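Shown next, in structure tokens, is the structure this report addresses.
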Amino acid sequence: MDEPRSVLRPALEPALEFSDSDLFWQEHWKKFAWGLAALVAIILAVGVWKFWSARHLAAAEASYATAGDAEAWREVVAKFPGTVPAGNAQVQLAESLREGGDAAAAAAELEAFLQSQPQHPLAGAAWLTLGELRQMQGQNNGALEAYRVASSDFSASYAAPLALLAEAKLLEQMGSPGEARAVLESVGSLHGDTPAAMIAAGELARMRPPAAGAL
């Protein structure tokens, strides 16, 4: 004889009973759906941003490639701020100002460039040039600072050993031959495989005091 069914708990067919995973999915499927929608939205946003960035960079490169004077370089900087081509244009502008004899304006342009793009591929060279410009203006302490940034923060760049040579020469001019020799010795130890190391060795030989008893 069949067992009577409870009114409070009606029997279900085994195939219709819910497992724990089914109950979990029923309870949380909306959260999964919203999470999936958010993930898709992020992927689309990243894709759109990458596409726009590539188009923006291509336009900046094209604009820089056709620029040939101060006005055009300023336009590249204004239209495409923060891009590598804009930084290139700003360095080119500073160089043109330097060639025109306006060291103060050239230095100001380089300072603005280094503030806006401190990790630009030309930043090391810009610090080196800024040191030279400050030295031309008689700002020896500022020049030393720029040379030291170029040689320390951008030690892997071609500007680093040149900045050390410039620093050593300036220190000697300022009456600090001992510091100058120490800087020249660092060129050989840090950049021994560069032409700057040969120049440093020659400068050290020139600065070496004559042997005792030499005429």
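The values are calculated or read from the model by the stated rules, or taken from the named source; none is laboratory data. Only a predicted model underlies this, so the values are computations on that prediction, with no experimental measurement involved. Heads up, the Cβs are rebuilt from the backbone with ideal geometry, glycines too, and the neighbour counts pull from every protein chain shown. Side chains are part of the model used for accessible areas, which takes the heavy atoms of the whole protein and leaves out ligands, DNA and RNA. Shrake-Rupley method; radii C 1.70, N 1.55, O 1.52, S 1.80 Å.
Look at region 57-69: where a residue is farther than 21 Å from GLU99 by Cβ and a partner is among the aliphatic types (A, V, I, L, M) and at pLDDT 85 or above, sitting 6+ places away or on another chain with Cβ atoms under 7 Å, you get ALA60/VAL76; ALA60/ALA86; SER63/VAL76. Of the candidates GLN115, GLN90, GLN135, the single residue that is open to solvent by 60 Å² or more (accessible area, probe 1.4 Å), at negative phi and either assigned to a helix (DSSP H, G or I) or in contact (Cβ under 8 Å) with a residue 60 or more places away in the chain (or both) is GLN115.
The set of residues in region 138-154 that are part of a helix (DSSP H, G or I), open to solvent by 40 Å² or more (accessible area, probe 1.4 Å) and over 20 Å from LEU190 (Cα atoms) comprises ASN140, ASN141. Consider GLY35 carefully, then state whether it is open to solvent by less than 50 Å² (accessible area, probe 1.4 Å), over 29 Å from ALA143 (Cβ atoms) and at pLDDT below 65. Taking the combined requirement at face value, the residue does not satisfy it. For region 157-172, the criterion of being charged (D, E, K, R), under 14 Å from ALA126 (Cα atoms) and in a helix (DSSP H, G or I) is satisfied by no residue at all. Which residue, of GLU167, GLU172, GLU179, is over 30 Å from VAL77 (Cβ atoms) and touching a Leu at 6+ places or on another chain (Cβ under 8 Å)? On inspection, the qualifying residue turns out to be GLU179. Among all positions in region 158-178, there is at least one residue which is of a type outside the set (A, V, I, L, M, F, W, C) and within 21 Å of GLY87 (Cβ to Cβ). Within the set ALA182, ALA163, ALA197, ALA168, the sole residue that is among the aliphatic types (A, V, I, L, M), modelled with pLDDT of 95 or more and either open to solvent by 60 Å² or more (accessible area, probe 1.4 Å) or more than 28 Å from ALA106 (Cβ to Cβ) (or both) turns out to be ALA182.
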